[in-house]
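Have a look at the structure below, then the notes.
The values are calculated or read from the model by the stated rules, or taken from the named source; none is laboratory data. This structure is a prediction, so every number in the text was calculated from the model and none was measured. We place every Cβ from the backbone using ideal geometry, glycine too, and count neighbours over all the protein chains shown.
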Amino acid sequence: MGILTYFLPPGNTVGSLPSSQHAVLVGSLLGDGTLRRQGTRTNALFEANHSFRSRAYVDWKYRQLRMYVLTPPRRRKGNGKRVAYRFTTRSLPVFTQYHAWFYRNGRKRVPRNLQLSPLILAVWFMDDGAKSRSAVYLNTQQFPKRDQETLQQFLRKSFGIQSTLNRDKNYWRLRLSVHGTQRLKRFVHPFIVPCMRYKLR
């Protein structure tokens, strides 16, 4: 698979996102990104929401999706002392397609026909990756265990990255092997935003 090969959900034809925007959106949905839809008569919108210290990363996502956004990212005070930096897209049919692809009964799930690309993996890693000594964790606790096992298969099939399920209190997350961590670094390095390069050290 070439480094610029990306995959679109079934039926995504007229009005589809370009491949790079598709990759940013899918990588975000595997990570911290959210699609919201109010009722069945309105289209879905995408929200990127990170801590204020990651504002350069949010600005990067905004630049990728700005044609779908009316208001640039803004600082927003969250619960307690947390300060977030976020933006939302407009509610559009294309995001409704992704909502139908990724959500089941209002809960985010991993599509069984999802195919990963290096850029998808890089965005997912920037959202949810954490380094611990010589291994990388992907904080996949939001997904059911079965979906995480599916993600393990995708990583193995697409990149030859081996991982195990690691217990994190009452939840599970993916722990990449030392060799898998080195392979991940090789695939994602060209796409890592400067403010996120600390995750590769």
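What the table shows:
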item: Single residue of region 78-101 satisfying the filter (of a type in the set (Gly, Ala, Ser) and exposed (fewer than 13 other Cβ atoms within 10 Å of the Cβ)) that is nearest to Asn49 (Cα to Cα); result: Gly78
item: Region 177-191, residues that are surrounded by fewer than 21 Cβ atoms within 10 Å (Cβ to Cβ) and among the β-branched types (Val, Ile, Thr); result: Val178
item: Any hit, region 37-57, residues being in the same structural domain as Val24 (by TED's automatic domain parsing), basic (Lys, Arg), in a helix (DSSP H, G or I) and in contact with a helix residue (DSSP H, G or I) (Cβ under 7 Å, 6 or more places away or on another chain); result: no
item: Test: Arg109 is among the basic types (Lys, Arg), at pLDDT 95 or above and farther than 23 Å from Met196 by Cβ; result: yes
item: Residue within region 71-90 that is part of a helix (DSSP H, G or I) and either under 18 Å from the mean Cα position of the chain (by Cα) or not basic (Lys, Arg) (or both) present; result: no
item: Residues satisfying the stated conditions in region 125-150, i.e. touching a strand residue (DSSP E or B) at 6+ places or on another chain (Cβ under 9 Å) and surrounded by 20 or more Cβ atoms within 10 Å (Cβ to Cβ); result: Phe125, Asp127, Asp128, Gly129, Val136, Leu138, Thr140, Phe143, Gln148
item: Residue, nearest to Ala56 (Cα to Cα), within region 91-101, restricted to residues that are part of a helix (DSSP H, G or I) and touching a residue at least 12 places away in the same chain (Cβ under 8 Å); result: Phe95
item: Qualifying residue in region 102-121 (condition: assigned to a strand (DSSP E or B), surrounded by fewer than 21 Cβ atoms within 10 Å (Cβ to Cβ), in contact (Cβ under 8 Å) with a residue 24 or more places away in the chain and not small (Gly, Ala, Ser)); result: yes
